[in-house]
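We did not get these values from a lab; they are worked out from the coordinates using the rules stated. Bear in mind the structure is a predicted one, so any value in this text is a computation, not a measurement. Reconstructed Cβ throughout: ideal geometry from the backbone, glycine too, with neighbour counts over all protein chains shown.
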Amino acid sequence: MMRAWILPSLLVLCGSVVATGLVLNGDAGEAAVLLLFFLLLAGVHSPLVFPRPVGALEARRRSEADGRPVVYWRSGCRYCLRLRLRLGRDARRLHWVDIWRDPEAAAAVRAANGGNETVPTVVVAGRPHTNPDPAWVRAQLSPSSPG
């Protein structure tokens, strides 16, 4: 669980160090802007941007019940972030599984991707799709989609 917070923590720490240096040199305005930038960057790369993750078993169970896709992701992955942001509100309709929190999920991703933990891996109707286009994922949520 702590692994997901490493990148955001480093971004906040680096931003704080650089901003402190700028304040000591008398550039308080520039320091504030830079610190805000680093804080936003840390927030975007934090697990807080993603819907609350569930375990792999629970996600599969829910997906079988409601037909919605399962998204395997990890914090700090720019492709996962791209998918999440491009889906917008529709992202909450998927079942999100953080592979850094669930070893079984990481194993499922490795099995689907030739031994690599390539994310996002979206499972629709039992078939994995690695780094799919967000528009395609959104189409899988529509009631008329073939699945």
Checklist entry - Calculated from DSSP H runs of 4 or more alone, at -39500 (n - 2.57) each and per residue, what is the 222 nm mean residue ellipticity of the chain, nearest 500? => result -16000 deg cm²/dmol
Checklist entry - In nm, what is the difference between 0.36 nm times the number of residues separating residue 41 and residue 127 and their Cα-Cα distance? => result 27.7 nm
Next on the checklist: Cβ neighbours within 10 Å, averaged per peptide: list 9-15, 61-67 in order, most packed at the top.
Outcome noted: 9-15, 61-67
Next on the checklist: Can you tell me how segment 2-48 classifies by the Cα gyration tensor, rounded, prolate or oblate, using a/c under 1.5 as the rounded cut?
Outcome noted: oblate
Checklist entry - Under a Cβ-Cβ cut-off of 12 Å, what is the net charge of the residues other than residue 21 that fall near it, where Lys and Arg count +1 and Asp and Glu count -1? => result -2
Checklist entry - Between residue 111 and residue 16, how many nm apart are label points set 7 Å from Cα along the C-beta direction? => result 4.2 nm
Checklist outcome for this item: Checked segment 6-147 against the a/c 1.5 cut and the a/b vs b/c comparison, axes a ≥ b ≥ c from its Cα gyration tensor; verdict prolate
Checklist outcome for this item: Between the modelled labels at residue 58 and residue 32 (7 Å from Cα along Cα→Cβ) the distance in nm is 4.2 nm
Item to check | Chain lengthening between residue 136 and residue 65 when straightened (0.36 nm per residue, less Cα-Cα) | outcome: 23.5 nm
Checklist entry - Do any cysteines of the chain lack a neighbour Cys whose Cβ is under 4.7 Å away, and which are they? => result 14
Next on the checklist: Can you give the FRET efficiency to the nearest 0.05 for residue 6 and residue 89, using r as the Cβ-Cβ distance and R₀ = 35 Å?
Outcome noted: 0.80
Item to check | Cα gyration tensor, segment 63-123 - rounded (a/c under 1.5), prolate or oblate | outcome: oblate
Item to check | Using alpha-carbon coordinates, inclination of helix 56-66 to the longest axis of the chain, degrees | outcome: 60 degrees
